[in-house]
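The structure appears right after this line, and notes come after that.
Just so it is clear, none of the values below were taken in a lab; they were calculated from the coordinates. This one's a predicted model, so the numbers in the text were calculated from it and none came from an experiment. Here the Cβ is made from the backbone with ideal geometry for all residues, glycine too, and neighbour counts use every protein chain on show.
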Amino acid sequence: MFTGIVESFATIMDIKPNGTNIVFHLQSNICNEFKVDQSISHNGICLTVTEVNGLQYSVTAIKETLSRTNAGLWKIGDTINIERCMKADARFDGHYVQGHVDCIGIVDEIHDLDGSFMIFISHPEDAGLTVNKGSITVNGVSLTVVDSFPIAFSVAIIPYTWENTNFSKLKEGDSVNLEFDVLGKYFQKFKDLKTK
């Protein structure tokens, strides 16, 4: 379980295919606090640490993960948002984030509002549900939906979030990992069952 509050960055140092999987070797300034078997959110994807070596560590993305996320598009040198799983006695600053990406979204528009940024993101029609002022996770970051549309939504980004996540590196046309609010997913499932 995560909260969508990004702790730090990791930089991809090496990428090794392994059958249908991909092993990523990353470097982070908080790597000395990692341990093998630990779950860490990488751009919203819950991945297990398999090796720690100094300031570098490794994680493996399996075929299922690669089919649902943009991890297969990651390149050496890319900056990844990371968050360790939530402690039981920690303050809950974001929202319930599982680290289970629902789909890839596409950045349609980025607007500099001279003090904040507005990002419009589109997604497949049946991927999930957003509501105005509801929660959404984009690349592992807990955000509030500004405007909700059937196949898109917008989010407002404050300067701190812009500077302390990889959002500042986004361009129009880029893909992002989306995890819709789990409460909304249960509501949608209940609604679908009631209409059958």
Relative exposure of S28, S148, S41, S142, judged by other C-beta atoms within 10 Å (fewest first): S148, S28, S142, S41
Net length gained if the chain between S8 and Q38 were fully extended (0.36 nm per residue, minus Cα distance): 9.2 nm
Listing I110, I82 from the residue with the fewest other Cβ atoms within 10 Å to the one with the most, what is the order? I110, I82
Give me Rg over Rh for the chain, both radii from the alpha carbons and Rh done the Kirkwood way, two decimal places. 0.96
Measure nothing but the geometry: give the 0 to 90° angle between the long axis through the Cα atoms of 182-194 and the longest principal axis through the Cα atoms of the chain, rounded to 10°. 50
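Given a Förster radius of 25 Å and the C-beta distance between S168 and V23 as r, what FRET efficiency does 1/(1 + (r/R0)^6) yield to the nearest 0.05?
0.35
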Which entries in K75/K133; K133/K185; K63/K185; K63/K87; K16/K87; K75/K189 show an alpha-carbon gap greater than 25 Å? K75/K133; K63/K87; K16/K87; K75/K189
Set of aspartates and glutamates with alpha-carbon distance to K171 below 17 Å, sequence-local pairs under 8 removed: D78, D108, E109, D112, E163
Residues with amide H under 5 Å from that of V101, placed H, sequence gap 5 or more: C46
Rough spin-label spacing in nm, given labels placed 7 Å along Cα→Cβ, for I110 and R68: 2.7
Residue order, fewest to most beta carbons within 10 Å, for D114, D108: D114, D108
How large is the convex hull of the Cα atoms of segment 103-194 per residue, expressed in Å³ as a whole number? 85
